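Data first, discussion second: the structure below is written as structure tokens.
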Amino acid sequence: MSISQFHPPASPSPASSMRLWRPAAQRNLRNQWLKMSACRKQWTAACSVGTSHANSLVDSYLSQTFVPMMKFGVLSDVFDIKKKALNKLSKQQSSYRDKLLSSYKEMVAAVVEMVNVSRSLRCYMKPSSGSIVQFSGSKEDSKDSGDCGGIPVFSFWDISAFEKMAEELVEMFKREVMLKRLLMMELVSLSSEVPQPVKLSWADELYQGEFDDLSKCSLYSTEVSELILPRLKEDNLCISSVSHTNQPTADMLHMYLITWAAEVNIDTHSSSGSFSGRSSSACSSTSDCQNNSFDAEELLQIGSRRMELRKEKDLLKDSQPHSIELVRSLELHTKSLSESRLEDRARIQTMEKELLSCYKEIDYLRDQLIFRSKEVSYLNEHVRNLECKLAESRNVEEEVNCLREELCLSKSENLLLLQELESKETELQCSSLSVEKLEETISSLTLESLCEVESMKLDITALEQALGDAMKIQEESIEEKEYLKRIIKEIQFQSQKAEANAKSFEKQNQELRERIAASKKSIKEFFQSAKARFESENGQQPLNAECFFAELSHVSPVSTEVRECLDAIIKKLELSRNITLIDKMEGMGQQIEIQLHEDTVKRLKEELKQEKLKAKEEAEELTQEMAELRYKMTCLLEEERKRRVCIEQASLQRIAELEAQIKREMNKRSSTDILPLSGL
């Protein structure tokens, strides 16, 4: 790039605004290039992390392809060892796939931020009514182009030059992102399943919102709904075919990884030079802001650096065929590596065969040891027979000595072999026992700690609830006791009152009986005297009504009605004395007395009945209240018992769940310990 290629100045600005605009523009450029450098660092970090995840993903996929052909040796007796190994490797592959997608997402975010930074290099003037001039990164005036009429910001460099350099830098990362997306499609689509799943196409999203991010970078057309195809270099054609039906081979995957790590589209020399040039320009901006002058030496350095970068770019264009040769040499190197891998695989197979032969030799040695032990037992029996025969014949002593020496040698060999076997068996047993003890102690400690914690929690909650219930029951019992005491006192007072009333009624009855007896006597005497008067023949004693009523009231009180009736009768008797009328009067007087006595007795009986009924009702109410209190107490006790039973069941269920969880964890650990990942 040369200075003659820059855009012509848009519109001239006054000298005051130019003098104020340059420091603001320098500050903005310095900040934006620092942001660009931070995005570059974010890109490199995400790319390196993605490289490691891609290597792990390819390793797990290739391991899945090699598992069916592998020979596990002693581990082949384990049930479904290959299936378990494949499941574990597929889980690892899925986890590495997610991590690779997240690193790709970070790279896309870094490129989006670079694009935003490259579009915010211009410095616009804010319209203000006051004397203070302010600047911002957003365009508020349509006439303001943001470059202050094309004046240079740093030495001879204006805003358009910086924008062109930023566009070149961002374009490299755009091409590299699309290439990374192509490699991502191939790596994410890797699968070792027998029915091959549907592979991703170029028009599919790798993560949610990817097309929105790419449209911000002008890599996705929303009108046509198509992505831009990836490019390897600026002058090369686009890659037209981006998918194939079969799964890629190991060599192809190796080439994918090399392409990922190489960052073919990014010119590291020019990018680092541009960032260093921006940093030097940022440093010079601080000195310009302080001294408000331009340094000629720095300008010469920047120009020379620019020329060097242009030369490097031309050299890179010239060295393109050399890079193709390097790629071919890399392909040859990958082929040699694949051949060496095949040789290593064959060597591993031979080693496995040798290991199997060693196992067979060990079994043969065990059989030989058993056979030798049988021979030793047979020789012992034979020696005993020879010793018996020695008593009969002394001629075979030399043979016996030879046999004894052989027997001693065989015994020593047998003992050595037995000692070696016993030592190995004891070591194996000790190791297995120690492992089992450690597992048992760990499981017992965890179980005990969990059980103790749960039991303590349950005991605390139960004690708190029991204490609250006991306090409530105690308060209720105290209130009920006080209420019962009051009721008992009232009942006792009422019973005492009823007894006093009964005694008073008995006294009144006795007095009434005495009065009735006295009135009966006086009435008899009165009627006898009245009879005597009525029966007097001479008529010398006239029957006076007033005297009669005075005597009768003296004997017993007489009402006004009775008095009127008797007055009428006496007047008639004064006219004609008749014996029948006297008898009728006597009968009427007796009837009146009897009625009076009967009324008083009835009244007293009714009062006694009412008092007895009241006492009975109060006694029944007391018994009912006592029964209700007993029922409430039984209900409370039953609820407390049910609550404790529920708590015990919950605690037992929790303990059972914890035991089952611990068993599952132990089974998982045992299964993972059986599978040798390093061998895989």
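All of the numbers you see were taken from the coordinates with simple rules; none came from a lab. The shown structure was predicted, so the numbers you read here are calculated from the model rather than taken from an experiment.
Over 26 Å apart at the Cα level, from the set Lys485/Lys507; Lys520/Lys612; Lys485/Lys642; Lys521/Lys609; Lys503/Lys614; Lys91/Lys174, are Lys485/Lys507; Lys520/Lys612; Lys485/Lys642; Lys521/Lys609; Lys91/Lys174.
Short to long, the 5 Å bins of the Cα pair-distance histogram for segment 29-128 hold 2, 12, 15, 12, 11, 9, 8, 7, 6, 5, 4, 3, 2, 1, 1, 1, 0, 0 percent of all pairs.
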